[in-house]
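Notes follow the structure.
Read-outs throughout are calculated quantities, based only on the coordinates presented, and are distinct from any laboratory measurement. Nothing here was measured: the structure is a model prediction, and the numbers come from that model. Cβ coordinates were reconstructed from backbone atoms using ideal geometry, including for glycine residues, and neighbour counts include every protein chain displayed.
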Amino acid sequence: MIVTTNRYTSEDVDSLRSLLQAQGETTPPDKVTAKQAVQKLKPEIEQLSEQGWGWTDIVELLSEQGMVLSPNTLRDYLKGRPKVKKQPLTPLDLDELIQLYAQNGLEALNRALNKRNKVTLSRFYKKLVATQESTINKMHKEDLVVAIARSVVEQSKKAKNDRPTPKSKPKKIEKSSGEHDDLFNIDLGI
């Protein structure tokens, strides 16, 4: 018999070869996913449901035969709903948050922040302000959202005030020849 090692005898290899060759003459077992199996069993499952069986009862019956599903998953598989994938969120960026606030207001900023989890908000807030880590870790998600929104509003106001105002260009003074030549040609006596 083969024992799990990193060295095999010629007899072990011959034994494996025979096994693989014998399997090559047969077709592999027809395997389907749980979703495909539920689709194939749909008429029978719907009949049980119509007879008064609950989804939990049907799931227990299926699990006795090795098909482990939750009642919600069973219903989703029966309806044939495709699994919805969430779109990944982009990393938080202060400039983008300021722009969001400027264009859409505080409510949009709060909605964008509330989509994030507490860990993401904590990490962003640590970068945003110099506060002790233990203080931030004790904050609730709602408090983090308010604190970040407040910082974004302050930064937005600061950015507005720091913008240079357009200045008028200085007028170019043209000197006509002969006029005030003595002012430009001062002898310093050097």
Beyond 19 Å, what share of the Cα-Cα pairs of region 94-160 is found? Please give it as a whole percent. 27
Under unit Cβ charges (Lys, Arg +1; Asp, Glu -1), what dipole magnitude, rounded to 20 debye, does region 1-159 have relative to its Cα centre? 1060
What dipole magnitude, in Debye to the nearest 20, does region 32-83 give about its Cα centre under +1 on Lys/Arg Cβ and -1 on Asp/Glu Cβ? 400
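Hey, what D do you get for region 50-89 in µm²/s if you plug the Kirkwood alpha-carbon radius into Stokes-Einstein at 10 °C and 1.306 mPa s?
Values: Rh = 11.6 Å.
Answer from the Stokes-Einstein relation: 137 µm²/s.
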Using only the alpha carbons of region 65-128, determine the length spanned along each of the three principal axes and report them from longest to shortest in whole angstroms. 56, 25, 16
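What list do you get for Arg150, Arg7, Arg123 if you sort them by fewest beta carbons within 10 Å? List each step's numbers first, then the result.
Numbers: Arg150 11, Arg7 6, Arg123 14.
Fewest-to-most ranking of Arg150, Arg7, Arg123: Arg7, Arg150, Arg123.
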Over region 32-83, relative contact order from alpha-carbon pairs under 8 Å, at least 6 apart, %: 41
